[in-house]
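J.: Okay, handing you the structure first.
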Amino acid sequence: MKQTNIIFIVGLLISAISLNSKAQQVTIINDQFMPYNITPEALLAVSIHNGGAEVQAQIVSRLFNISNQPLITVKSVPFLLKPGMNNPLSSAVNAANVEYGNGNQVEYLKTTHNLPSGTFRLCISLFLSSPEPADEYCDEIESDFNQYLYLVSPFDKDTIDGTLPLLNWSHSEPFNLLSQGEFYRMVVSEIKEKQTTESAITINNPVMVRNYLTVHNLQYPYDAKELEEGRRYAWQVQKMANNIITNKTEAWEFVIRKPPVEKNLKYVVLQPALSADAYIAYNGKIYFKFLEEYKAKGDLKAFIVSDKGKEYPVDLYKDEKDQPVSSIKSTGDNRFELNLDTQSIKPGYYRMIIKNEKRQSFYLKFYLPE
């Protein structure tokens, strides 16, 4: 009895070794998968090396997205695997069963026979006479043949007005083709001195990051770090998959325009006749000068008149020392500062009249901006 059991066990071991040796002689070498030609037969296009005798085989091919969701599973009809290299098999092997998954990517695949952009995984199992695969092979597929992702505006190195720019970009596919874990994000970073736009995006802490973009334009958000006038910024849109950048646009640069410094004309010369040109009274101040060729002992009288004839009282101060005019007026090149009462004097056009002690008048037409 014991001898019979030993013989039986030895027989099983020999059989298992024989099957295992046979399985090891069959190897999947590669696949002929193309992301722009997705058909059941295309998923069966594999090269197999058979180091043994002719044997019946079957292929099961499965396509997954980056979230490991099955998109399509194809099972071939049984076929004869000849000795040597069988390359490729798609022309000789037909699909016996096809199963599709669910979701927008599957519908896109069925309609266009193309893969959307992204990373996918093709796994192929080869079965002989055992329920366990004789060999398995997986390949990572990058699909980008029909993909574009680019920035639109502001243009690279553009100078823009305002600190809340509208940032526009575009890409080739509907947002609903993204699989779980995939999304688009926009990054804005300040460009330091001697930095490139790419290094600014890569190295610097961003001033703004927006994940899960679902539209192609983004108004710079109020709750992000405020952009500063005169500074340079880099921006980029990136496609993310499981927090890894799988695609990205170029990094472009824009500059926030710095308003010109408002400079008062120091000093405008008052004229004995009214000129057609208007002096602009920035910050509610007028700086003026006029020459007197005689020894002046009296006070200057100053007033301004609106274009409707209304008069306003004014105060004159010597520039820098900020003292009343009547106590410091001197012969020669006299320079003064006129502080407008902007509470009562509204934006618009006016004329200023200065009269000296000899009742000579000097005029200046000016404009008070808002």
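J.: Of the residues that make up segment 87-95, is at least one buried (at least 16 other Cβ atoms within 10 Å of the Cβ) and more than 14 Å from Leu44 (Cα to Cα)?
T.: Scanning segment 87-95, I find no residue that is buried (at least 16 other Cβ atoms within 10 Å of the Cβ) and more than 14 Å from Leu44 (Cα to Cα), so the answer is no.
J.: Which of the residues that make up segment 307-353 are touching a Leu at 6+ places or on another chain (Cβ under 9 Å), farther than 18 Å from Gly284 by Cβ and at pLDDT 70 or above?
T.: Residue satisfying the conditions is Ile353 alone.
J.: Quick check on segment 184-194. Is at least one of its residues touching a helix residue (DSSP H, G or I) at 6+ places or on another chain (Cβ under 7 Å) and touching a residue at least 60 places away in the same chain (Cβ under 8 Å)?
T.: For segment 184-194, residues touching a helix residue (DSSP H, G or I) at 6+ places or on another chain (Cβ under 7 Å) and touching a residue at least 60 places away in the same chain (Cβ under 8 Å): present.
J.: Taking segment 38-63 only, how many residues are over 24 Å from Val106 (Cβ atoms) and touching a Leu at 6+ places or on another chain (Cβ under 7 Å)?
T.: Residues meeting the conditions: 6.
J.: Would you check if there is a residue in segment 163-171 being among the β-branched types (Val, Ile, Thr) and surrounded by 15 or more Cβ atoms within 10 Å (Cβ to Cβ)?
T.: The answer is no; no qualifying residue exists.
J.: When you check Glu107 against the structure, is it open to solvent by 20 Å² or more (accessible area, probe 1.4 Å), without any contact (Cβ under 8 Å) to a residue 40 or more places away in the chain and not in a strand (DSSP E or B), yes or no?
T.: yes
J.: In segment 178-204, what count of residues is obtained for those that are open to solvent by 40 Å² or more (accessible area, probe 1.4 Å), within 19 Å of Lys239 (Cα to Cα), among the polar types (S, T, N, Q) and not in a helix (DSSP H, G or I)?
T.: Here the count works out to 1.
J.: Are any residues in segment 147-164 under 12 Å from the mean Cα position of the chain (by Cα) and free of Cβ contacts under 8 Å to residues at least 60 places away in the same chain, and if so, which ones?
T.: Ser153, the sole residue that qualifies.
J.: Right, Phe175: free of Cβ contacts under 8 Å to residues at least 60 places away in the same chain, open to solvent by 40 Å² or more (accessible area, probe 1.4 Å), of a type in the set (A, V, I, L, M, F, W, C) and within 30 Å of Thr111 (Cα to Cα) or not?
T.: So Phe175 passes the test.
J.: If you check Ile72 against the conditions, is it among the aliphatic types (A, V, I, L, M), under 30 Å from Met240 (Cβ atoms) and outside any strand (DSSP E or B)?
T.: Spelling it out, it is not the case that Ile72 is among the aliphatic types (A, V, I, L, M), under 30 Å from Met240 (Cβ atoms) and outside any strand (DSSP E or B).
J.: Looking at segment 39-81, which of its residues are closer than 14 Å to Ile124 by Cβ and in contact with a His (Cβ under 9 Å, 6 or more places away or on another chain)?
T.: Once the filter is applied, which keeps residues that are closer than 14 Å to Ile124 by Cβ and in contact with a His (Cβ under 9 Å, 6 or more places away or on another chain), segment 39-81 yields only Ala42.
J.: Let me ask another. Residues being in a strand (DSSP E or B) and in contact (Cβ under 8 Å) with a residue 24 or more places away in the chain: count how many of those fall in segment 205-220.
T.: Looking only at that region, the number is 5.
J.: Against the conditions (1) loosely packed, with under 14 Cβ neighbours inside 10 Å; (2) at pLDDT 80 or above, where does Ser47 fall short? Just the number, please.
T.: Condition (1) is where Ser47 drops out.
J.: Further question: Inside segment 271-301, can you point out the residues that are open to solvent by less than 70 Å² (accessible area, probe 1.4 Å) and at pLDDT below 80?
T.: Within segment 271-301, Ser275, Phe288, Lys289, Phe290, Glu292, Tyr294, Ala296, Gly298, Leu300 meet the criteria.
J.: Of all the residues that make up segment 126-162, how many are open to solvent by 80 Å² or more (accessible area, probe 1.4 Å), closer than 30 Å to Lys82 by Cα and of a type in the set (Ser, Thr, Tyr)?
T.: 1
J.: Something else about it: Under 6 Å between Cβ atoms, at least 6 apart or on separate chains: pull out the pairs that start in segment 67-82 with a residue that is free of Cβ contacts under 8 Å to residues at least 24 places away in the same chain and end on any residue that is outside any strand (DSSP E or B) and β-branched (Val, Ile, Thr).
T.: Phe79/Val93
J.: Could you please find all residues in segment 110-130 being within 15 Å of Val55 (Cα to Cα) and outside any strand (DSSP E or B)?
T.: Once the filter is applied, which keeps residues that are within 15 Å of Val55 (Cα to Cα) and outside any strand (DSSP E or B), segment 110-130 yields Leu128, Ser129, Ser130.
The values are calculated or read from the model by the stated rules, or taken from the named source; none is laboratory data. Bear in mind the structure is a predicted one, so any value in this text is a computation, not a measurement. Virtual Cβ from ideal backbone geometry, glycine too; neighbours counted across all protein chains shown. The area values use the complete protein model at the heavy-atom level, side chains included, leaving out ligands, DNA and RNA. Shrake-Rupley method; radii C 1.70, N 1.55, O 1.52, S 1.80 Å.
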